[in-house]
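Contents: one structure, followed by commentary.
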Amino acid sequence: MPPPRLRAFLPTLHLTRHIPSSPVFYQLSRYASSTTAPVAEALPARWLSDLKRRIGKCIIFGLKQEQVDDAGDILRVVAREWRELVAGSEGFLTGRGRAGAEGREVVWGHVNNVTYVKYAESGRINWAQHFANHIDPKHKKEWSELWTPKGDGLILRSMKTDYKFPMAWPDRISVYHKLRSAPTAATDSFILDVLILSEKHQRPAARCVEDIVVYDYRRGAKSPLRDFMVENFQETFELQEKAKRRNERRIRDLLERVETLEKGSWDRADAVEDMGSVG
């Protein structure tokens, strides 16, 4: 019996409170239900490993040449672009000029939990330095001073780390940061979400939440973000949202292609496994 389709189900809310079935309420209910946009199912947490396993099952069962070509194309895409797909589908920006680290080799042996915090810390500094070097070089001096007690600075107020699995050498990590919300002119603190990916396992090894305070060292007090910082952070947040939508669509397209392979192989009504030939 083939395994069921891999889906993530949204929780269902059941209302037990009695609501009068008046004509007015009935009309309002019909209007609300007709104008509410459908909510897309969340992507499976381990969609990448599931995708490769599902393709493997199709190949073992037996595929036609054109199906083999399609399966190979899907695997090439995920092998080449898995970081962007995994991180980008959550709104993290990847690649040169955005990543806090990519392909950084871990130290020998088991990775201590404190090391993940160091990965996040160094990644955050690199993330901010990218604004100085690549995104907004016109304000390079101001961006570069964020980690010094010279003017406006970004201070880590608190940090929470959620460890997903123990990582060990040999492995490499990639670190990505994203703004949780778009800042405004009044923003004097903000949240950064952190994703630490294992290159070997191609999935999150840890997640962090960093609470950042904007601090004016000259006055010795909290201070709102400067105008050019607000502008750049707002543009970055918009890019994060676009990356999330784009990569979610790409993943769903890949999953649909895998489902087509399944329906054309072991999931056909007349499916017969290819057992090969002798001699």
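Here are some notes:
- Inter-probe distance in nm under a simple model that places probes 7 Å from Cα toward Cβ, at V209 and V68: 5.0 nm
- For K200, the lysines whose Cα comes closer than 21 Å to its Cα, not counting residues fewer than 8 places off in the same chain, are K52, K118, K164.
- Extension gain (nm, one decimal) between L156 and W82, 0.36 nm per residue minus Cα-Cα: 23.6 nm
- Local electrostatic count at N247 - Lys and Arg +1, Asp and Glu -1, tallied over other residues with Cβ under 10 Å: +3
- For the pair region 59-75 / region 151-174, the C-alpha centres are spaced 39 Å from each other.
- Convex hull per residue volume in Å³, alpha carbons only, for region 96-239: 108 Å³
- This ranking places W108, W169 by how few other beta-carbon atoms lie within 10 Å of each, fewest first, which gives W108, W169.
- Only lysines eight or more places from K244 in sequence, or on another chain, were considered; those with a Cα closer than 17 Å are K178.
- Among residues other than C208 with Cβ under 15 Å from its Cβ, the summed charge is +2 (Lys and Arg +1, Asp and Glu -1).
- Cβ-Cβ distance of I191 and N113, R₀ of 35 Å, FRET efficiency by 1/(1 + (r/R0)^6): the value works out to about 0.95.
- Order of V230, V272 under a 10 Å beta carbon neighbour criterion, fewest first: V272, V230
- Taking 0.36 nm per residue of sequence separation and removing the Cα-Cα distance, the R53/V272 pair yields an extension gain of 76.9 nm.
- Modelled this way, with points 7 Å down the Cα-to-C-beta line, the labels at T184 and T260 are 4.6 nm from one another.
- For region 96-239, size of Cβ-based charge dipole, Lys and Arg +1, Asp and Glu -1, in debye: 260 debye
- By the count of other C-beta atoms within 10 Å, a proxy for reagent exposure, L261, L43, L156 are ordered fewest to most as L156, L43, L261.
- Nearest-0.05 FRET efficiency for R172 and K242, computed from C-beta distance (R0 45 Å): 0.95
Read the figures in this text as sums done on the coordinates, not as results from a lab. The shown structure was predicted, so the numbers you read here are calculated from the model rather than taken from an experiment. Backbone-built Cβ (ideal geometry, glycine too); neighbour counts: all protein chains shown.
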